[in-house]
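Read through the structure below, which is laid out as structure tokens, and then see the notes.
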Amino acid sequence: MPATLQCGACGARYRLPSWPLQPVRCKCGLGAKLPPSEDMLATLPPLPPRPLPAPKPGTAWEAALHEGRADAPEAFLTRFHAERLALPPAFDRLLSLDLVHEIEPHDYQVATALKVLRELGGRALLADEVGLGKTIEAGFIIKEMLVRGLTRRVLVLAPASLVTQWRDEMEAKFDLEFAIPEDESEWKKRLVVASIDSAKGARNQQALLKMQHELVIVDEAHNLKNHRTQNWKLVNALRKKFLLLLSATPIQNDLVELYNMITLLRPGQLYTLGQFKEAFLDTKDRRKCKDPERLKQLLKAVMVRNRRTEVGIQFVPRRAATVNVDLEPEERRVYDLATRFVRSPEFAQVYADNSRLVAMAILKQVGSSPQSLAFTVDEKLTPRAKDGPAARAIAELRDACHAVKKVGKAERLCDVLRQDAEKCIVFTQYRRTQQMLEERLTREGVSCVSFHGEMSRPEKDRAVAEFRGEKRVLVATESAGQGVNLQHCRRIVNYDLPWNPMRVEQRIGRVHRLGQTKEVQVANMIAKDTLEVALLDLLDRKIELFRLIVGELDMILGKTRVEDDLLDIYLGSKDDEEFRKRVDKYGDDLKGLRREYEEAKALDARVLDGVGGGAAPVPPPAGTRA
């Protein structure tokens with residue numbers, strides 16, 4: 001069947017005797033290619049090429065060139081050298097290497113950024129194995145394009161759980177202040193990082209599609225595996241020149257997912273979908289590739305994949321230990337009163353409009369410290385209860401919190417720190433707990449410094465500097481779990497355990513990362529016969545979180561909302577014994593998610609390992625059909 005292709009640069013149309021299997025280069029001299037596409041109509045009549053308008057002279061040099069006047073040899077050489085000096089340097093090195101902080105880039109990270117810029121035209125799938133720093137590679141590409149003037153507007157789309165981490169890392173390491181948009185006007189800023197779910201909202205999507213983003217980056221890009229989803233359609237519709245997709249496991253179920261992602265980067269690179277299936281897809285098993293070596297050759301033009309074994313990176317082991325704590329009698333009374341209260345009818349009656357939020361706060365804080373729970377009871381719960389049905393229970397809980405004089409976990413922490421003089425990071429979720437620990441450690445004679453979200457950037461930098469210097473212990477809230485590199489230390493203590501496993505992984509990731517040379521030790525302080533026992537069992541025995549590489553957990557859990565699920569299980573259980581049994585069953589479901597991830601990782605290794613560097617277009621296999 002005859003076909004007609006039109007050049008997007010000059011408008012020329014070409015009448016071809018048959019549908020092309022390879023891109024056709026236009027004769028306009030602008031380097032335009034006409035890739036075949038399933039959506040193109042083959043019935044358009046050929047039209048004469050659209051004439052290119054002559055540029056208007058803007059300088060004396062352009063005017064002389066336009067009029068055909070020649071320069072004297074001396075003037076020509078002067079202009080020639082001036083123009084050459086004005087050109088940006090070639091991509092033989094990264095200019096941004098001198099403009100970053102707290103980074104000791106590895107050779108493969110620099111090579112990846114150079115390859116994307118120099119060989120892949122700024123459109124690539126970064127498919128490094130988990131933990132090798134795809135975010136750092138993307139940061140170098142962003143910084144380099146901004147320094148060289150190749151881009152002014154950058155949009156980063158990531159899962160909601162990673163948005164603040166992206167913002168913090170770009171600011172701390174690359175001096176790039178990305179905005180997280182909260183209203184429609186903030187989407188217009190030059191540097192924006194947002195969740196892809198917020199971006200595809202009707203109003204936000206309408207605003208985004210009107211803008212020209214020179215560079216778009218999509219983290220966890222395996223969420224674009226289906227071309228029928230809103231995620232894929234949004235990224236495809238964005239007006240962009242450069243595009244980076246980041247995913248350690250771009251293939252999770254079948255090879256068509258990889259085809260959909262590559263089509264976003266370079267339509268036609270893997271030919272039409274029919275040709276792709278004919279050449280590569282095993283009809284008996286869609287997870288198998290019939291010709292993996294040929295597919296790898298095609299992928300080299302759009303993908304970079306570094307493996308730990310190839311780049312010589314091996315992560316040090318990390319070892320987790322449980323520090324069991326016996327609650328003091330006063331603490332046990334607080335725990336019993338708090339857990340009984342959130343299941344009571346009075347609680348549901350008084351806090352009906354936000355009962356889940358209040359119950360979550362109480363259950364988390366009772367596992368942290370009586371001081372933290374006392375603040376919430378005094379400031380939040382008591383004013384709401386007044387003289388209502390929950391007033392008596394609230395007063396009893398308040399009195400019990402204030403009656404605690406000795407905190408079992410704090411005393412056990414001092415015992416742990418007496419064993420040696422090694423530096424240590426103690427993580428807690430709450431400021432009141434942090435303040436209590438600072439006071440207790442100071443009385444013990446342990447030098448410590450605090451780090452929390454209420455501090456300014458200079459104050460945080462000063463705290464980290466003191467910890468790297470003479471201070472032995474950094475008492476930190478969750479704000480130190482993101483964007484702060486602390487790999488000069490190898491030991492962390494989880495004084496209380498977040499219900500969100502991602503928070504635990506972020507804590508560990510501050511020390512267990514590239515650059516760490518010693519075994520990482522994680523101590524989890526667990527109060528006996530409390531909710532924390534079931535939570536630790538879920539993290540350690542079911543998910544095996546402490547044996548994962550940082551970055552893998554989010555790929556396992558995906559959009560699973562562990563915090564909400566655990567709260568539903570607790571509130572729906574009549575006692576702690578039933579709660580533990582239901583958590584155990586829930587953990588079996590999470591183990592299934594881990595098995596699925598391991599299978600996807602093995603599939604990606606079979607298909608993608610060996611992909612690297614750019615390659616010339618590979619002709620389609622003989623005998624395939626569109």
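The values are calculated or read from the model by the stated rules, or taken from the named source; none is laboratory data. Just so we're clear, the structure is a prediction, and the values are computed from it rather than from any experiment. With ideal geometry, Cβ positions are generated from the backbone for all residues, glycine too; neighbour counts draw on all protein chains shown. Heads up: the accessible areas ignore ligands, DNA and RNA and are worked out on the full protein's heavy atoms, side chains in. Shrake-Rupley method; radii C 1.70, N 1.55, O 1.52, S 1.80 Å.
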message: Can you say what percent of the DSSP beta bridges in the chain, counting only those with both residues inside, are antiparallel? Round to 5.
response: 15
- line: In degrees rounded to 10, the 0-90 angle between helix 134-147 Cα long axis and the longest Cα principal axis of the chain is 50
- line: Over the range 135-272, the quotient of the Cα radius of gyration and 2.2 N^0.38 Å is 1.01
- line: Between the Cα axis of helix 355-366 and the main Cα principal axis of the chain, the angle (0 to 90°, nearest 10) is 70
message: Rounded to two decimal places and with Rh computed the Kirkwood way over Cα pairs, what is Rg over Rh for the chain?
response: 1.05
message: Filter LYS225/LYS290; LYS134/LYS225; LYS423/LYS601; LYS460/LYS528; LYS364/LYS581 down to the pairs with a C-alpha to C-alpha distance above 26 Å, please.
response: LYS423/LYS601; LYS460/LYS528
- prompt: For PHE76 and LEU357, what is the calculated FRET efficiency with R₀ set at 51 Å and r taken between the beta-carbons, to the nearest 0.05?
  reply: 0.10
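Apply the a/c threshold of 1.5 to the C-alpha gyration tensor of the range 363-465 and tell me whether it is rounded, prolate or oblate.
Taking the square roots of the gyration eigenvalues as a ≥ b ≥ c, the range 363-465 is oblate.
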- request: Give the whole-number value, in cubic angstrom per residue, of the convex hull volume spanned by the C-alpha atoms of the range 199-310.
  value: 117
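Within 10 Å, count the other beta carbons around each residue, average over each peptide in 166-179, 566-579, and list them highest first.
Averaged packing, sorted descending, gives the order 166-179, 566-579.
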- request: Give the Kirkwood hydrodynamic radius (Å, one decimal) of the range 265-305, defined as one over the mean of 1/r across all pairs of different Cα atoms.
  value: 10.8
- prompt: What does the highest-first list of 354-363, 110-119 look like by mean Cβ count within 10 Å?
  reply: 110-119, 354-363
- line: Computed on Cα atoms only, the convex hull of the range 264-342 has an orientation-averaged projected area in nm² of 13.0
- request: Any chance you could check the Cα centroid distance between the range 438-503 and the range 351-396 for me, in angstrom?
  value: 28
query: At q = 0.16 Å⁻¹, what base-10 log of I(q)/I(0) does the Debye formula yield for the range 298-430 when every alpha carbon is treated as an equal point scatterer in vacuo?
result: -0.84
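May I ask you to give the solvent-accessible area per residue for the chain, in square angstrom, as obtained with a 1.4 angstrom probe? Present the calculation step by step, with values, prior to reporting the outcome.
On the way: 29670 Å² over 626 residues.
Normalised by residue count, the accessible surface of the chain is 47 Å².
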query: On the first, second and third principal axes, largest extent first, how far apart are the outermost C-alpha atoms of the range 471-538 in Å?
result: 37, 21, 20
query: Binning every alpha carbon pair distance of the range 317-391 at 5 Å from zero, what are the percents per bin?
result: 3, 14, 24, 24, 14, 8, 5, 4, 2, 1, 0, 0
- prompt: On a 0 to 90 degree scale, rounded to 10, what angle separates helix 73-86 from the longest Cα axis of the chain?
  reply: 30
statement: Here the Kirkwood hydrodynamic radius of the range 449-586, Cα-based and in Å, equals 16.4
- line: With the 8 Å Cα cutoff and a minimum separation of six or more residues, the chain has a relative contact order in percent of 14
message: What Kirkwood Rh does the range 367-416 have if only Cα atoms enter the pairwise 1/r average? Answer in Å.
response: 11.9
- prompt: In units of 2.2 N^0.38 Å, what is the alpha-carbon radius of gyration of the range 62-150?
  reply: 1.56
message: Given the range 560-610, report the % of alpha carbon pairs whose separation exceeds 13 Å.
response: 65
query: Extent of the range 101-179 along each principal axis, from alpha carbon coordinates, in Å, largest to smallest?
result: 31, 30, 24
